[in-house]
Every structure is written in C-alpha cells, then in structure tokens.
Amino acid sequence: MSTISTDSPRSAAGRFAATRWSVVLTAGQAASPQAGRALEELCRAYWYPLYAYVRRRGYDVHEAEDLTQEFFARLLAKNYLADVDRTKGKFRSFLLASLKHFLANEWDHAHAAKRGGGQPLLSLDTQTAETRYRSEPADELTPEKLLERQWALALLDQVLDRLEAEFAADGKRALFDQLKVFLTEGKGANSYAAIATRLQTTEGAVKVAAHRLRRRYRELLREEVSHTVASPTEIEEEIQNLFAAFAR
C-alpha cells in the first residue's frame, strides 16, 4: 500500500518574479525592458476578459479581434503607460480604463493605420476566444460585470495551472489529477474513499493530501493576486472582489 506526500512541491515563484504589476508602475515613463516583459506576461495571461468586454459592447467577431489586437499593440508599445493613475493600482482597473479610452477615441485611427506594419506585438488565440465567448451564459451581465467574472476565472485558471505544474515537476501529476476535485467540487467521505482506492492508499492519507493541496492553492492564489495589484495591502480586498464577481 502506498502513502501520499505533498510536502515539497517545486515552487514556480522565480518564473513569476518579473510579472508583478508593481514593476510596470515603478518603471513609469522610463523605458524598462523588465517592465516591458512584465506587462507582456500580464497581458498574455489576462487578455481574454477584455476581448469578451469588446464583444459584449456590440462589436462583431472581426472588429473585436482587430480592436483587441490593436489595443495590446499600443499598450505594449508603452503609449498608455504615461497615463497610469498610481492611486488606482489594480492591473484590471488600468486595463479597463485604457480600453474604454481606446474604444471611445481611437477606433477610426486604428482602422486608418495599423501599427507595426500589421504585425501583432502579442499573439492572441482569437479563434479560441470566440469559442469561449459563444459559450458564455446568455444573461444580462453588463460588459463591466462580464469582465469582472472572466478576470476572476482567468486568474483562478492561472493558479490551477501553476499548481498542476508544481505537481508535475515533482512527478506527482497523477496525484494532482485525483485530488484537484477538492478544489472545484468540495469534499466528502465517499470521494476520499474512492480516491484512496484508486491510489491504493488510505482514506486518511488522501484527506491529509487534500488539505495540503488546498493550502498550497490558497498560497498561490495570494501570490497570483499580488502580481496584479500595486501594493500588498490590496491583496485581501482583491481576493474578496474576485470571488464576489461570481455572485453578481
């Protein structure tokens, strides 16, 4: 009979050390390669909520693709960073404010002349994005509320991906596949027992492993949120806001 250990998942913190929004804010108007890389990483992780926002505003598929791509092309070229309001430190607040400004004032210019000779600065999977958008519930969510919900989902997906990568790096991918149900569907004695049977271990060992999994998930959630706020004092409030987005 085997035992389960999750004491030492390999940390991926180093890979994310340069992605903090605070890096971009600190750079300000200065040309900083580190800030540029951080901004690109953040945009790549959280661009879909903005695409969904543009679609919910009434633009068709091709318009939304062009607008989202052009918006990020300008953003990554640092055309908007000079206008960052440091008192509104959340990355999603900055993105939404910038996108609203872009949609209100820049659409005609974006159509008249594509920057970079039509070569996108950030590769976006727009085909997959539209498939995701068409699967959104046909509810009455405003574009802003839809963005909040999709932002929350994107962030939680990032956390889950990081946790899975840690387990895989330690050769525990099968263990993660069995335990991840406790992150999405709660817990129960029958589930513990069934997983213990599949893993050829004890129910108690599964309970301990699930507890450690949830604890590590909470740690990674706080770390991921810290990448998108300007100050550690905003982390707890942002976590509450993100989960509240599912109840709106």
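Annotations
- Enumeration of residues in the stretch 228-240 that are under 14 Å from the mean Cα position of the chain (by Cα) and either closer than 22 Å to Leu141 by Cβ or outside the structural domain of Leu156 (by TED's automatic domain parsing) (or both): Thr228, Glu238, Ile239
- Of all residues in the stretch 182-203, exactly one satisfies the criterion of being of a type in the set (Asp, Glu) and either assigned to a helix (DSSP H, G or I) or modelled with pLDDT of 90 or more (or both), namely Glu203.
- Any hit, the stretch 170-181, residues being outside the structural domain of Phe94 (by TED's automatic domain parsing), in a helix (DSSP H, G or I) and closer than 24 Å to Glu41 by Cβ: yes
- Inter-residue pairs, beta-carbon under 6 Å, first under 18 Å from Ser191 (Cβ atoms) and in the stretch 209-223, second of a type in the set (Val, Ile, Thr) and surrounded by 15 or more Cβ atoms within 10 Å (Cβ to Cβ), 6+ apart: Ala209/Ile4; Ala209/Thr6; Arg212/Thr6
- Selection within the stretch 2-52: residues that are hydrophobic (A, V, I, L, M, F, W, C) and modelled with pLDDT under 60. The member of this set that is surrounded by the fewest Cβ atoms within 10 Å (Cβ to Cβ) is Ala30.
The values are calculated or read from the model by the stated rules, or taken from the named source; none is laboratory data. Given the structure is predicted, the values throughout are model-derived calculations rather than measurements. Heads up, the Cβs are rebuilt from the backbone with ideal geometry, glycines too, and the neighbour counts pull from every protein chain shown.
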